[in-house]
1. At residue 50 and residue 24, where each label point lies 7 Å from the Cα along Cα→Cβ, what is the point-to-point distance in nanometres?
2. Compute log10 of I(q)/I(0) for the chain with the Debye formula, placing one identical point scatterer on every Cα and leaving out solvent, at q = 0.15, 0.22, 0.26 Å⁻¹, to two decimals.
């Protein structure tokens, strides 16, 4: 599977990414070896994810989420609770 995910960083900011192994990717972020953005904002917490069959679908969705304003991302996160 392919995943798009949103992390909440320790400072309250949100980070959106793509992976094909969600659990491993979260571990990489929290080990300080993930994205440069998250390295200084540890620990991170997974607050949202979506599954896709293809990498292309996931990357398109990641891009769409990254274009969203913070308010819309929070609405998306809260819609899954």
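1. 2.4
2. Each listed q corresponds, in turn, to -0.49, -1.05, -1.35.
Coordinate-derived values only; no laboratory data. Everything numeric here is computed off the predicted structure, so don't read it as measured data. We place every Cβ from the backbone using ideal geometry, glycine too, and count neighbours over all the protein chains shown.
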